[in-house]
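To start, the structure itself, in structure tokens.
The values are calculated or read from the model by the stated rules, or taken from the named source; none is laboratory data. Predicted model only: the values in this text are computed from it and were never measured. Don't worry about glycine lacking a Cβ; one is built from the backbone with ideal geometry, like all the others, and counts go over all protein chains shown. Note: areas computed on protein heavy atoms with side chains; ligands, DNA, RNA excluded. Shrake-Rupley method; radii C 1.70, N 1.55, O 1.52, S 1.80 Å.
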Amino acid sequence: MDLPVSLFTYTDLYSRILTSLSHLLDKGEDHAKANGISADEMLDWRLVEDMHPLRFQIMVVVNFTRSWPARVLGRPVPDPVADTLDLGSFRTAIGQSRAYLAELTAADFAGRDDVPLTVPLMEGMEPTLPSGQWLTVFASTNVYFHLSMAYAILRLHGVPIGKSDLFAGQL
């Protein structure tokens with residue numbers, strides 16, 4: 001069965017992911033407060049010592065959910081957020097990303113699936129792929145990975161969340 005998917009559908013998916021991230025951060029903040037832990041300490045939690053902290057996971061989700069649709073559309077990439085923000089600033093950035101996504105339309109994405117897009121990933125690596133592949137495979141895999149890492153970090157530190165909390169942005 002062939003199920004066509006418009007690249008535009010990813011704007012809704014990413015908005016839902018941002019809602020889920022916000023929900024996870026609410027749960028994390030509640031748990032931290034109840035245990036005398038500051039929000040800044042919470043943002044520095046890690047899954048293991050050699051991995052990036054929670055704040056980095058948040059930064060990647062926020063940046064990818066707005067930068068990759070922009071790249072696919074051939075538009076300027078919104079300024080990235082840094083991983084040095086405090087919790088309130090991360091919440092603001094999540095809201096700004098959701099607002100950015102809400103402004104995009106199906107017509108914006110029409111005909112963009114196969115447009116070649118070259119993106120430097122690291123020194124000596126600048127692949128050219130169809131725009132649709134960047135968004136549906138590369139960007140989405142990274143968004144889900146970093147959302148999952150945020151979830152795992154919070155779980156490791158005792159935050160009472162479960163799988164259903166990943167769907168806080170609704171199915």
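Suppose we filter V62, V72 for residues that are in a helix (DSSP H, G or I), at pLDDT 95 or above and farther than 28 Å from I161 by Cα; which single one remains?
Result: V72 is the single residue among V62, V72 that is in a helix (DSSP H, G or I), at pLDDT 95 or above and farther than 28 Å from I161 by Cα.
Do we have any residue at all in region 147-158 that's part of a loop (DSSP other than H, G, I, E, B) and closer than 20 Å to D44 by Cα?
yes
Can you tell me which residue in region 12-38 is least open to solvent (accessible area, probe 1.4 Å), limited to those that are polar (S, T, N, Q), within 19 Å of F56 (Cβ to Cβ) and under 18 Å from the mean Cα position of the chain (by Cα)?
Among those residues, the one meeting the criterion is S20.
Can you spot a residue in region 101-112 that is out of contact with any Ser or Thr (no Cβ under 6 Å at 6 or more places or on another chain), in a loop (DSSP other than H, G, I, E, B) and either closer than 17 Å to A150 by Cβ or charged (D, E, K, R) (or both)?
For region 101-112, residues out of contact with any Ser or Thr (no Cβ under 6 Å at 6 or more places or on another chain), in a loop (DSSP other than H, G, I, E, B) and either closer than 17 Å to A150 by Cβ or charged (D, E, K, R) (or both): absent.
Limited to region 33-46, what total is found for residues that are in contact (Cβ under 8 Å) with a residue 12 or more places away in the chain and either farther than 24 Å from F64 by Cβ or out of contact with any helix residue (DSSP H, G or I) (no Cβ under 7 Å at 6 or more places or on another chain) (or both)?
Residues flagged as in contact (Cβ under 8 Å) with a residue 12 or more places away in the chain and either farther than 24 Å from F64 by Cβ or out of contact with any helix residue (DSSP H, G or I) (no Cβ under 7 Å at 6 or more places or on another chain) (or both) within region 33-46 amount to 2.
Residues E41, E49: which one is outside any helix (DSSP H, G or I) and either farther than 19 Å from L166 by Cα or of a type in the set (A, V, I, L, M, F, W, C) (or both)?
On inspection, the qualifying residue turns out to be E49.
Under 8 Å between Cβ atoms, at least 6 apart or on separate chains: pull out the pairs that start in region 105-131 with a residue that is modelled with pLDDT under 95 and end on any residue that is among the acidic types (D, E).
Cβ pairs passing all conditions: T118/E126; V119/E126; P120/E126; P130/D113; P130/D114; S131/D113; S131/D114.
Identify all residues within region 1-32 that are touching a residue at least 40 places away in the same chain (Cβ under 8 Å), of a type in the set (D, E) and in a loop (DSSP other than H, G, I, E, B); write none if there are none.
Scanning region 1-32 gives no hits.
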